[in-house]
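To keep things clear, I will list the structure first and then write my remarks on it.
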Amino acid sequence: MIDPADKFLTGLRKIMAERGLKEATLSEAAGMNSSYLRDLKRGKAASPKLSTALRIANHLGMTVDQIISAADAAVAPGPTIAIAGRVGAGAQIPLIDVYEKGDGPQVVAPPGLSNHGIVAVEVEGDSMEPTFSAGDILFYSRETHEGVPSDAVGNTCVCEDESGMVWVKQVKLGSEPGLFHLISLNPQSDNLHNVRLKWAARVRLHWPKDLAVKLPAN
């Protein structure tokens with residue numbers, strides 16, 4: 001009988017290869033030393049304890065049994081979220097209805113994040129360094145199609161001004177009702193003051209490029 005630990009490692013290798021995950025990145029994200037998975041693959045580390053296996057599985061959005069089963073079966077990508085478009089700190093890039101429904105690229109939903117009512121956008125360029133980097137994925141949800149909800153103020157948001165420019169900025173109250181200051185994430189970029197916004201949606205989650213599992217468009 002094959003040791004379940006060996007099946008877990010075989011399945012984990014397969015999942016990491018299919019998702020393009022790096023050993024050090026996954027190790028650190030699961031709360032372990034950055035060299036743990038590399039040493040495990042090379043036989044230099046002991047088989048993972050159940051608690052360690054559970055942390056790895058949870059981070060992948062899977063169960064331990066699913067990882068073990070992946071050793072002999074195709075790996076299902078799990079729930080996905082549509083990528084609506086790309087966005088930079090000052091780039092005018094359309095976010096809504098960029099692709100025909102269901103035809104655009106998808107990203108596997110991070111563990112613990114529902115794929116219902118959530119929109120994903122991909123960061124383009126380096127204008128949001130060091131907070132966000134090119135290829136990172138930002139997830140947000142819009143409570144309303146118009147207006148700025150109270151939880152957006154003081155937080156990093158995806159927002160659109162009256163001219164149609166889309167931004168990723170920290171939103172603060174302006175000097176008059178209905179106006180907002182947009183604070184750049186990059187200290188070298190200019191801030192915008194007393195801007196009237198069509199809408200703003202708080203960024204709920206930032207997923208680094210190395211962890212984002214993108215699937216091609218249909």
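The values are calculated or read from the model by the stated rules, or taken from the named source; none is laboratory data. Please read these numbers as outputs of a predicted model, since none were measured by experiment. Using ideal geometry, Cβ is built from the backbone for each residue, glycine included, and neighbour counts are taken over all protein chains shown. In case anyone asks, the SASA skips ligands and DNA or RNA and just uses the protein heavy atoms, side chains included. Shrake-Rupley method; radii C 1.70, N 1.55, O 1.52, S 1.80 Å.
Only a single criterion out of (1) over 16 Å from N191 (Cα atoms); (2) at pLDDT 90 or above is not satisfied by T144, namely (2). Could you list, in sequence order, all residues of the range 177-189 that are open to solvent by less than 30 Å² (accessible area, probe 1.4 Å) and in a strand (DSSP E or B)? Scanning the range 177-189 gives F180, L182. Applying the criterion of being open to solvent by 70 Å² or more (accessible area, probe 1.4 Å) and out of contact with any strand residue (DSSP E or B) (no Cβ under 9 Å at 6 or more places or on another chain) to the residues of the range 120-176, the residue that is farthest from R204 (Cα to Cα) is S163.
Collect the residues in the range 192-218 that are open to solvent by 60 Å² or more (accessible area, probe 1.4 Å) and more than 25 Å from the chain's Cα centre (by Cα), keeping them in residue-number order. Hits for the range 192-218 are H193, N194, R196.
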